[in-house]
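Here the structure is laid out as structure tokens; the discussion comes afterwards.
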Amino acid sequence: MSERCRAGAAPIAGLILSIGAACAAAASAGQATARPPLDSPHSSLAIIVNTQNTIDELPLDGLRRILLGETTRWPDGRRITVAMRDTGQAERNAVLRLVCSMSDQDFTRYLLQATFRGTLQTSPKILDTPNGVRRFVFNVPGAIGYVRGDEVDGSVKMLRITGTLSEKRAFGLTLPIK
Amino acid sequence: MRLTPSTRRRCACAWSAALVAIAGSRAQAQTPAQTTPDQPDRALIQQLQKRVDELEQQVKDLQAQAAEERQAAERAAEAPAQPPEGMRDMLTPLGLGGLQIRGFNDIDFHAYRDNGQVNTFSLGQLDLFLSSRLASDFSTIGEVVFEADENNGFGVDVERLLLQYSPNDWFSLGVGRFHTAIGFYNTAYHHGNWFQTATGRPFIFRFEDNGGILPVHGVGVTVQGQIPSGAAGLHYVAEIANGRRSGSPGDEPVQNVEDENAHKALNFALITRPTRVLGLQAGISVYRDRLEPADRPAIDETIAAVHFVYQIPVFEQLAEAIFIRHVPSDTDRATTTTTFYTQTSRQLGRYRPYFRYEYLDAPPGPVFGNDLGRSYGPTIGVRFDAAPPVAIKVEYVRLTGSIRAQTNGLTVQFGFTF
């Protein structure tokens, strides 16, 4: 290779390397935005109850029984009221998938059939916003709901979910299990 | 009174402003030589006092607003029919409100395989399901069915009517007309065919007015609830009811207003739903009654049922066996009817192919009206959920035995809920 060619190749190689590095950086940046760390608050779900509730932790199957209307009372006898987000929300889909192993349609049909059988007296309450869920849980002593981890504030109590699995994930959201 | 953090912050700001204002006014009042405030100072104090009053009023308003919001949410939790703005009952979009009414119907086409039956279109049961939560622990459900008979005339039946009292998860009392907790299918599925995977019930669970041999309806009292049992997830059901009429085969089989004898039917069921395995259920039930057919000795009836069910949205496996034992009072010769069925289905997107196999062996006797003998055979079909409330089912039945003429052939069913 002539000296002239070598002189011309060096900047091209540098350009290729720099483009490659830029692509790698962009890819890693893209990955960072698309897939936040699992323990980041905005990618995790928080199960919340009223601050008067004496429960601090709940097994995963106990949470499932509450959502499916099989358990209707807290240990102190207070009626459980489930607060949910509307259809199509990622939080709702994630909770149904992670806790009940159901799609939204399966869940709606399940509730309808439970009502038809006479085993379900009250269906979950639907709230439009995370703030609405929080305020409902704050105001109703027997309420239980879910919001993203970074949407929890001091007005509600976050439950610790226990179970056999360490962590479950769906729709980009995790349900931390201790 | 408990306030939300935002309300608490607003109250805190208001009080801070008030305190600063008071402190400011005192500081000004204690200015050099502690002299009596002159005219401009007095005006300032009055102005600050007015501001404090205003802020106090704002705090009161915020507290009242928070209290109102809390009361509204509590009322909404108790009375789902009147939720506050921005909140609604989950099933409201499907049409359920205060007195909740839901309809089920199906329209069928039968192409019978055996002679003696002509191919036909038929209207299924128009089923209106009513439910209402009456108070915190009281609710009611009802099921009114409009159905055409073999003469094409419509009749109306109240298939279920139950007042329920449910103070906790361990005790729920119901009085009225209900589906007897014999086995699994009878209480899992009622009159709306839309819920069922197949076009109809297994023949052992057919309704009394459709050739069924079980007392699937009862009028009386039913008690059920959970048994504290940890992961075993035990449940119980205990029922006392009028039982079925047996005086004459032509009589209405469900004794809605008058029992033919003083003996009451008793039923007890024990069910396990292990908490760790979603959808798994197994159980046994025992039903006892005394029948009094016309011109015959009384018969002691015992119906024992055992079931195993695994049912999750994408898969179901049902298996039930039922034994009906009749012992006439004038002899020790007992007769036993043996029956079972198994059903498997798998969801593949919007399709759900299914397979059912049924078996019935009934000895001749006076209770069932006609000699059923032995019948058995498969059912194969597919359910297609065209839309969430609409299901189209295509099914082929091929039974061997005395009841085949009523069932064998192809059925296309359009089932829907509204």
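Read-outs: derived from the displayed coordinates by stated rules, not from any lab. Keep in mind it's a predicted model, so treat the numbers as computed, not measured. Methodologically, a virtual Cβ is constructed for each residue, glycine included, from the backbone with ideal geometry; neighbour enumeration extends over all protein chains shown.
Shown is the FRET efficiency for residue B:282 and residue B:51, computed with R0 = 60 Å from the Cβ-Cβ distance and rounded to the nearest 0.05: 0.25. The simple spin-label model puts a point 7 Å past each Cα toward its Cβ; for residue B:119 and residue B:43 those points are separated by 10.1 nm. Each label was represented as a point 7 Å from its Cα along the Cα-to-Cβ direction; for residue B:227 and residue B:263 these points are 2.7 nm apart.
For the stretch A:41-176, what class follows from the C-alpha gyration tensor (a ≥ b ≥ c being the square roots of its eigenvalues): rounded when a/c is under 1.5, otherwise prolate if a/b is larger than b/c, else oblate? Cα axes put the stretch A:41-176 in the rounded bin. Partner shielding of A:136-143 amounts to 6, given as the average count of beta-carbon atoms from other chains within 10 Å of each residue beta-carbon. Annotation for the stretch B:215-283: GluC sites (Glu not before Pro) lying in DSSP loop with at most 11 further Cβ atoms inside 10 Å of their Cβ are B:258.
Shown here for the stretch B:209-272: trypsin sites (Lys or Arg not before Pro) in loop regions (DSSP other than H, G, I, E, B) with at most 13 other Cβ atoms within 10 Å, of which there are none. Taking each residue as 0.36 nm, the span from residue B:134 to residue B:68 lengthens on full extension beyond its C-alpha to C-alpha distance by 21.4 nm. Computed from backbone phi, the HN-Hα couplings of the stretch B:332-346 come to 8, 6, 8, 10, 10, 9, 10, 8, 8, 8, 9, 9, 10, 8, 9 Hz, rounded to whole numbers (Karplus: 6.51 cos²θ - 1.76 cosθ + 1.60, θ = phi - 60°; Gly and Pro given as x).
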